[in-house]
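Below is one structure, written out as structure tokens; the observations come after it.
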Amino acid sequence: MRCEFAVLGPLHVRADGRVLTLGGDKPRRLLASLLLSSGEPVSADRLIDVLWPERAPRSALANLRTYISSLRTVLGPRIRYRDNGYVIELSPGELDADEFTALLSVARHHAADPEQALDCYDRALALWRGAPLSDLECPLWTPVVSRFTETRLTAISERAELQLVLGRAAEAVAELRAATTEYPLQESLWCLLMRALDGAGRHAEAMAAYGTVRRLLATELGVEPGPELTDAHRRLLDSPQSTDAPTDVRTAALHRVCDRRLALVQTAVDLLHASIFATGERSQALVPESVLVRVTADPIGWLDAHREALVSLIARAAAAGLARPAWRLAAALVPYFDLGGHLLAWRRCVHIALSAARRCGDTNGETTMLRGLGQLYVYTDQFPAATEAFTAARRLCLALGDESGAALSTAGLAAVARFTDRPEEADSLFRQALAVFVAQADRHREAYIRWALAGTLLAREHFPQARDELRQSLRLAREVGDDHREAHVWQRLGELQTRAGAPEAAAEPFRRALELFDRIGDAEGASSVRRSLAALTPPVQAVARRLRAPNMP
């Protein structure tokens, strides 16, 4: 018998389209405890504490068995005793909390496809009918119920972000108003509401929302708004819409702000690793020396602190018809988004700038953003969509006579071929792109292509040719000062030694890669190298242990 168990609201059980009667309060509490256990056995002692929170009768264990028996009569033999506890066996999709979690996972997997992700968020949030188990009460459930609620708040926020990406600010406003009514002290929801109102052209209401939440915090908690709300308010004050100047004056002012921010972002990104997808076009805007000092002192810290403001600036520029400033700023942020794994912000910028470029007929911007979109699709394993984006970008570049852009798009298609187990096709495409960058003396992009080409050669066990490409890539990366590419080359050299049957020679290149990743601040890259070191044969595992981070077990 297939059942539907619902805990995201009052406890509710259906089977074959009919509601099941579970009995009184205690059988319902018992079932709720088993459903909240995530498939782990629940001891009799804990279940007794749930059923009799103040004082259990002497017959508690016998009574518990009676309630178990009554539930089995209604639900069948799915409640079992194992590992010193009771557990309920569920099939996939039977519990609404599990379905909610699964839909969120699918939504996040489709991070580069807002429409598909939004549909998953809508379906996930539609499962909620109220507070979890609102018809029952048990202090022992508080940690689990709180986690459910926090996850729901996160999902509401992520869905609102997607609605803003897709230009559905009005929809986001309606849902965020309901959310701030339900959770009036959640500052993050108020920040999103202010952004949505501003994005919907309701600037005055956005300012009023800040006043409302500020009064609420003062009345209920006796505190002032936190940094996130304060920053959101400051962005509203800095918005060109906050002035009474004519539209053309506000647009010119916004253009100057974009230019200055672009110069700062490029300064910060210069201190990180480079990206082959960067446009290479520098901003000529002048920025105060004091600001440059702060940026160069801690580029990642500055970018982290200004990430939301920069995304908002791109959205404002796009809305004002400033497609070129919008996509240039979005493209400049790619190395930072890539290094930090900020896929949500990256996706939002790409979709905003791509839409703006298309509206304004800016083909250069469209091709740049299509390549960024393809890159995001590759990162989220959406290879058909990545192929479509890179193919469209290459077609437009060829029509424009942009050989470099077409080669970058070809390299993207080669990456898709490699990740979908088509090494011969990937090899051919990478070599097409390589020929262009060698002819243009573009050493940075040549370094990347040779590193990528070595990956396809390695997959085909062409070890001498892979080693030659990696050595050339290493030389080029050092010549252009690309520490991040150098780290990746050393990592691949370690992989080559391992695959070629010489694990004792892999420790040194892995060590060099780890040092570079740690210095750059690429935690994911460093973690990957540590895993490779740990997997080496016993004679070199001691090296791996010495290279573990201090806080690693």
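The values are calculated or read from the model by the stated rules, or taken from the named source; none is laboratory data. Keep in mind the model is a prediction, meaning the values are calculated, not measured. Positions of Cβ are generated from backbone atoms using ideal geometry, with glycine treated the same way; all protein chains shown enter the neighbour counts.
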Legend entry - Some residue of the stretch 462-484 being buried (at least 21 other Cβ atoms within 10 Å of the Cβ), in contact (Cβ under 8 Å) with a residue 40 or more places away in the chain and either in a loop (DSSP other than H, G, I, E, B) or among the hydrophobic types (A, V, I, L, M, F, W, C) (or both): yes
Inset, instruction - Kindly indicate whether Leu400 is closer than 17 Å to Val436 by Cα, touching a residue at least 12 places away in the same chain (Cβ under 8 Å) and crowded, with 24+ Cβ neighbours inside 10 Å. - result: no
Legend entry - Index of the failed condition, Ala102 passing every other in (1) in contact (Cβ under 8 Å) with a residue 12 or more places away in the chain; (2) under 29 Å from Gly372 (Cα atoms): (1)
Inset, instruction - Within the stretch 213-223, identify whether any single residue is in a helix (DSSP H, G or I), modelled with pLDDT under 90 and under 22 Å from Ala170 (Cβ atoms), and answer yes or no. - result: no
Legend entry - Ala170 in a helix (DSSP H, G or I), modelled with pLDDT under 90 and surrounded by fewer than 16 Cβ atoms within 10 Å (Cβ to Cβ): yes
Legend entry - From the options Tyr67, Tyr81, residue that is of a type in the set (Phe, Trp, Tyr) and part of a strand (DSSP E or B): Tyr81
Inset, instruction - For residues that are among the acidic types (Asp, Glu) and modelled with pLDDT of 90 or more, scanning just the stretch 121-149, find the one that is farthest from Ser38 (Cα to Cα). - result: Asp122
Inset, instruction - Mind listing whichever residues of the stretch 224-241 are in contact (Cβ under 8 Å) with a residue 40 or more places away in the chain and part of a helix (DSSP H, G or I)? - result: Glu228, Leu229, Asp231, Ala232, Arg235, Leu236, Pro240, Gln241
Legend entry - Set Thr410, Thr387, Thr368: member being polar (S, T, N, Q), outside the structural domain of Ala326 (by TED's automatic domain parsing), closer than 24 Å to Arg328 by Cα and surrounded by fewer than 22 Cβ atoms within 10 Å (Cβ to Cβ): Thr387
Inset, instruction - Report, by residue number, each residue of the stretch 46-62 that is in contact with a helix residue (DSSP H, G or I) (Cβ under 9 Å, 6 or more places away or on another chain) and within 24 Å of Thr142 (Cβ to Cβ). - result: Arg46, Leu47, Ile48, Asp49, Val50, Leu51, Trp52, Pro53, Ala56, Ala60
Inset, instruction - State the number of residues belonging to the stretch 116-144 that are assigned to a helix (DSSP H, G or I) and without any contact (Cβ under 8 Å) to a residue 60 or more places away in the chain. - result: 13
Inset, instruction - Search the stretch 253-266 for residues that are within 15 Å of Ile300 (Cα to Cα) and assigned by TED's automatic domain parsing to the domain that holds Leu329 and pair each with any residue that is at pLDDT 85 or above and hydroxyl-bearing (Ser, Thr, Tyr) when their beta-carbon atoms are under 9 Å apart and the residues are at least 6 apart or on different chains. - result: Val265/Tyr336
Legend entry - Residues within the stretch 335-370 that are in a helix (DSSP H, G or I) and without any contact (Cβ under 8 Å) to a residue 24 or more places away in the chain, tallied: 2
Inset, instruction - Please name all residue pairs, on different chains or six or more residues apart, with Cβ atoms under 7 Å, provided the first residue is in the stretch 371-384 and is at negative phi and surrounded by fewer than 18 Cβ atoms within 10 Å (Cβ to Cβ) and the second residue is modelled with pLDDT of 90 or more and not small (Gly, Ala, Ser). - result: Phe383/Val416; Phe383/Phe419; Phe383/Thr420
Legend entry - Hey, Arg328 in a helix (DSSP H, G or I), more than 21 Å from the chain's Cα centre (by Cα) and under 20 Å from Asp270 (Cβ atoms) or not: yes
Legend entry - For Arg28: the one exception among (1) of a type in the set (Lys, Arg); (2) buried (at least 18 other Cβ atoms within 10 Å of the Cβ); (3) free of Cβ contacts under 8 Å to residues at least 24 places away in the same chain: (3)
Inset, instruction - Looking only at the stretch 42-59, decide whether some residue is out of contact with any Lys or Arg (no Cβ under 8 Å at 6 or more places or on another chain), within 28 Å of Arg152 (Cα to Cα) and without any contact (Cβ under 8 Å) to a residue 60 or more places away in the chain. - result: yes
Inset, instruction - Return yes or no: is Val87 at pLDDT 90 or above, among the aliphatic types (A, V, I, L, M) and in contact with a Pro (Cβ under 7 Å, 6 or more places away or on another chain)? - result: yes
